[in-house]
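What follows is a short report on a single structure.
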Amino acid sequence: MFLLRYLAIFALALSTTAYAARPMVTDDARLTKGGSCQVESWAKVYSGGREFWALPACNPTGNFEMTLGVAVTKHNSEPTTDDYIVQAKTLFKELKTNSWSIGLALGTAQHENRSYPGPNGIGSTYMYIPISHSFLDDKLITHANLGYIHYKDSSKESVTWGIGGEYKLKENLLYVLETFGDHRTNPSVQMGLRYSVIPDIFQIDTTVGQQVNIDNSEWLSFGIRYTPDKFF
């Protein structure tokens, strides 16, 4: 009830009144800086387990971002397992102030231990279309994703989706809210804050979330993001 109450307050704020990255699951239709790389890393804790993520990404050409990442998962009664993620992302239209953008992402996630499914299952391939829109001179930016995922071992397929928004409370402080999921499971909701310690270079963030109508599904996350000006 505590979480849902504050989600409702934030939804009201968005209805009356930039840069999507960590801590949102719903992706933005933007890329890391051209000619540079970034590192996003976070810890996620929940009842019965915890996850540690690191997702380095580079954009050498200006419109083609490659991500190579790893997730280390520990459930209380099971061995530690790893998931590996490879993703490519490009844009068809770049986001500008008070306008919109659209892109495409393709990726695969593989699990190291077939006996213990990790956060991405045994193995999967996926794609999604991210769309972003800027409002109020970038004070509010919304994001929507529509995608598809194929699970290798089970041969199941799911339609995935996400809707989120970022609201600028202060120059270096953003408030985020989102809901995401697929057509087979209950949706999840998440809210949090992102603070730019060094604008456009280094940020810290935190979120709380839960899967709707699922007991003991709450989580808490803490993350960082580092994006230097130039690498290439």
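The values are calculated or read from the model by the stated rules, or taken from the named source; none is laboratory data. Every value quoted in this text rests on a predicted model; they were computed, and no experiment measured them. No Cβ is skipped: glycine too gets one built from the backbone with ideal geometry, and neighbour counts run over all protein chains shown. Quick note on the areas: whole protein, heavy atoms, side chains included, nothing else; ligands and nucleic acids left out. Shrake-Rupley method; radii C 1.70, N 1.55, O 1.52, S 1.80 Å.
A few notes on this one:
- The calculated FRET efficiency for the pair residue 102 and residue 39, based on their C-beta separation and a Förster distance of 22 Å, comes to about 0.30.
- In the range 167-232, the GluC sites (Glu not before Pro) that fall in loop regions by DSSP, at most 11 other Cβ within 10 Å: 171
- Cα centroid of the range 157-232 to Cα centroid of the range 84-111, whole Å: 16
- Accessible surface of the chain, 1.4 Å probe, proportion on carbon and sulfur as whole %: 62
- Inter-site label distance for residue 63 and residue 197 at 7 Å from Cα along Cβ, in nm: 3.5
- Estimated [θ] at 222 nm from DSSP helical runs (n ≥ 4, -39500 (n - 2.57)) normalised by residues in the chain, nearest 500: -2000 deg cm²/dmol
- Average accessible surface for the chain: 51 Å² per residue, computed with a 1.4 Å probe over protein heavy atoms with every protein chain in place.
- Gained length - residue 88 relative to residue 152, 0.36 nm times residue gap less alpha-carbon distance: 21.1 nm
- Residue-wise HN-Hα coupling along the range 101-111, computed from phi with Karplus coefficients 6.51, -1.76, 1.60 (Hz; x: Gly, Pro): 9, 8, x, 8, 10, 10, x, 9, 10, 10, 10
- Label corresponding to semi-axes √(5λ) of the Cα gyration tensor in Å when calculated from the structure given, among (i) 34, 19, 15; (ii) 26, 22, 18; (iii) 51, 17, 12: (ii)
- Dipole in debye (nearest 20) - the chain, about Cα centre, beta carbon charges: Lys, Arg +1; Asp, Glu -1: 200
- Length added when fully stretched, residue 77-residue 183, from 0.36 nm per residue minus Cα-Cα: 35.2 nm
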